[in-house]
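**Student:** A single structure is presented below for examination.
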């Protein structure tokens, strides 16, 4: 990171002594630059080289943790500007704004219980509310109660504060839970940073423009606050977008130490676009005022998409998935565990008007043709997988439908499945599954 | 010539299109003339294909109101495409069109309206 192989090479002794295990210093330098070797293996490295490489390998964006225990959220530590360069490291935390004034004190616990229990499973990830944000304007007493209730349930907390005194009163009792202090916009950073330092908790820094933001962050660090988040300045979304991008770029290029932190975004009620923009472009923690699934489901899904590691495909867990409410006479189809393949096939099957069983076979996340050509979707492997899923026990017939692109495995699969089994080659495109089930299965499959 | 990178809807391959488009634009800016063309994204059709955009609240209570959800689904598909450099975005719902146009006016004042 930061240094190229040639820059690293210039710092090495250039003796080609091979003590590091590499044939030349240049080869070792390339490995170092790629993060695949450690400078400790070079016995003759100078102190200058150690210092330069050490500084270059420190993460350009600090990791910050909010909350404690299993639900604590860690953000930051990203190393790239574009997701295709490597991957985005830590997905943004989505905090839900709790109205401590509008809710009666005895309603806060049940409300938090409900939020904490939300679990929506999608493509191997479980979506949930990452934490809560409280606002001091709702009243210090109400917030103190809500903060205690959230901490008790292990939910991370952000406090949208008004005054250092109010924030101290609300957070003192839950400081061990590492709540995030969010000062009002354009507040003097120092008193809030001082409070954060005293409580040992993370704090947000604001500024009128990027220059004053970086300055404020430097001041907050000087005041003893180590874990900072930056709130990008901006009156409208294009400006916020530009500043989020510039903060990320400045952090990666190490322009100013004040930019080397994750970011924070406030999303008011009805501002779905701001949340979607923030998730796509570098926001690390978002406080979201809206509560409904119509806001959260698209945002969770967007986060899942953007933060998927582009180096490895999103995979489904292998298994036998019911499409609708199938019974023993329903058709059995088989496909790969590449999540896109699964989504497209399952969407078509669910809309086909005929319930079915969909067997998802582990192909290491490859699509049908890729998996077949890599030998991961051979007749033998598919047969083994179907047996492992006990798929034959769930149906009264002996017919299995395979993707049209893998029609060539039909014979091998029939042999591997054993006597009486029949393999039907389905359509090549998932969009033809509905007509296929209506026409081919209804005549050739069902009676068999 | 206009490039259609085959838009993946939100939750259905959006990330592939998003990164492909970022790479197309970076390559074009670096002088790759074959990729220096405007990009078209057929967002509406793909976004509204998703079951998450249409399934009624009665069937999935935690998913919330379906009419607002569908529009948000379309916007959350379109916005990353715009951020990755889409030049023409085809939408379906008049409300997502209006909301996106309002937003784009901030980036491109001549597109306001």
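Laboratory data are not the source of any read-out in this text; all were calculated from the coordinates shown. Owing to the predicted nature of the structure, the values given are computational and were not obtained by experimental measurement. Cβ placement follows ideal geometry from the backbone for every residue including glycine, while neighbour counts extend to all protein chains displayed.
**Student:** Rounded to the nearest 500 deg cm²/dmol, what is the calculated helix-only ellipticity per residue at 222 nm for chain A, with -39500 (n - 2.57) per DSSP H run of length n ≥ 4? Each step should come with its number before you reach the end.
**Tutor:** Details: 16 runs with 164 residues, N = 448.
Helix-only estimate at 222 nm: -11000 deg cm²/dmol.
**Student:** Based on the alpha-carbon gyration tensor of region A:96-156 and its eigenvalue square roots a ≥ b ≥ c, which shape applies: rounded if a/c is under 1.5, prolate if not and a/b is larger than b/c, or oblate?
**Tutor:** Numbers: a/c = 2.53, a/b = 2.31, b/c = 1.09.
In terms of gyration-tensor shape, prolate.
**Student:** Would you mind giving the mean number of other chain beta-carbons within 10 Å of the Cβ of each residue in A:301-314, as a whole number? Intermediate results must be reported in sequence, preceding the final value.
**Tutor:** Working: counts 10, 12, 0, 4, 14, 5, 1, 4, 1, 4, 0, 0, 1, 2.
Taking the mean over all residues of the peptide, I get 4.
**Student:** Let me ask another. Among bridges DSSP assigns within chain A, what percent are antiparallel (round to 5)? If you can, show how the numbers build up before the last one.
**Tutor:** Values: 12 of 45 bridges.
Once the DSSP bridges in chain A are tallied, antiparallel ones form about 25 percent.
**Student:** With each run of n ≥ 4 DSSP H residues scored as -39500 (n - 2.57), what mean residue ellipticity at 222 nm is computed for chain B after dividing by its residue count and rounding to the nearest 500 deg cm²/dmol? Write down the numbers at each step before the final one.
**Tutor:** On the way: 5 runs with 59 residues, N = 113.
Counting only the DSSP helices, I get -16000 deg cm²/dmol.
**Student:** Quick one: compute the contact order of region A:54-198, relative version, from alpha carbon pairs under 8 angstrom and 6+ residues apart, as a percent.
**Tutor:** This gives 22 percent for region A:54-198.
**Student:** If you find the alpha carbon centre of region A:255-324 and of region A:394-444, how far apart are they in angstrom?
**Tutor:** Rounded to whole Å, the Cα centres lie 38 Å apart.
**Student:** Can you give me the C-alpha center-to-center distance between region A:165-206 and region A:106-147, rounded to a whole angstrom?
**Tutor:** 20
**Student:** Rounded if a/c is under 1.5, else prolate if a/b beats b/c, else oblate: with a ≥ b ≥ c from the C-alpha gyration tensor eigenvalues square-rooted, which is chain A?
**Tutor:** On the way: a/c = 2.83, a/b = 1.43, b/c = 1.99.
Cα axes put chain A in the oblate bin.
**Student:** Would you mind ranking B:41, A:111 so that the residue whose beta carbon has the fewest other beta carbons within 10 Å leads the list?
**Tutor:** Going from sparsest to densest Cβ surroundings: A:111, B:41.
**Student:** Something else: Would you calculate the volume per residue, in Å³, of the smallest convex hull containing every Cα atom of region A:137-238?
**Tutor:** Values: hull volume 9.9 nm³, N = 102.
In region A:137-238, the Cα hull volume divided by residue count equals 97 Å³.
**Student:** Using Cα-Cα distances under 8 Å and only pairs 6 or more residues apart, what relative contact order does chain A have, in percent?
**Tutor:** Working: 877 pairs, mean separation 49.2, N = 448.
That works out to 11 percent.
**Student:** Over every pair of different alpha-carbon atoms in region A:293-372, take the mean of 1/r and invert it; report that Kirkwood radius in Å.
**Tutor:** Numbers: mean 1/r = 0.0727 Å⁻¹.
In region A:293-372 this quantity evaluates to 13.7 Å.
**Student:** If you average the sequence gap of Cα pairs under 8 Å that are 6 or more apart and divide by the length of region A:316-448, what percent do you get for the contact order? Please report the intermediate quantities before stating the final value.
**Tutor:** Details: 243 pairs, mean separation 36.7, N = 133.
Worked out over region A:316-448, it gives 28 percent.
**Student:** Okay, next question. Fewest to most neighbouring Cβ within 10 Å: what's the order for B:63, A:296? Don't skip to the end; give the middle numbers.
**Tutor:** Numbers: B:63 21, A:296 25.
Final ranking by Cβ density, sparse to dense: B:63, A:296.
**Student:** Taking the Cα atoms only, what angle lies between the long axis of helix B:66-83 and the longest principal axis of chain B, rounded to 10 degrees?
**Tutor:** For helix B:66-83, the angle is close to 10 degrees.
**Student:** Rounded to the nearest 10 degrees, what's the angle between the helix A:379-388 long axis and the longest principal axis of chain A, both from Cα atoms, 0 to 90?
**Tutor:** 70
**Student:** Follow-up question, since we're still on this one. Arrange the following residues from fewest to most other Cβ atoms within 10 Å of their Cβ: A:290, A:327, A:432, A:271.
**Tutor:** Working: A:290 21, A:327 11, A:432 15, A:271 18.
Listed from fewest to most nearby Cβ atoms, that is A:327, A:432, A:271, A:290.
**Student:** Then there is this: Please give the helix A:210-222 orientation as an angle from the longest Cα principal axis of chain A, in degrees from 0 to 90, rounded to the nearest 10.
**Tutor:** 70
**Student:** Shape verdict for region B:72-113, please, from the Cα gyration tensor: rounded (a/c under 1.5), prolate (a/b greater than b/c) or oblate. Before the final figure, lay out each step's value.
**Tutor:** On the way: a/c = 1.84, a/b = 1.19, b/c = 1.54.
Oblate is the answer for region B:72-113, as a/c is 1.5 or above yet b/c matches or exceeds a/b.
**Student:** Based on the Cα coordinates of region A:249-356, what is the per residue volume of their convex hull in Å³?
**Tutor:** Numbers: hull volume 15.0 nm³, N = 108.
Per-residue hull volume (Cα only) is 139 Å³.
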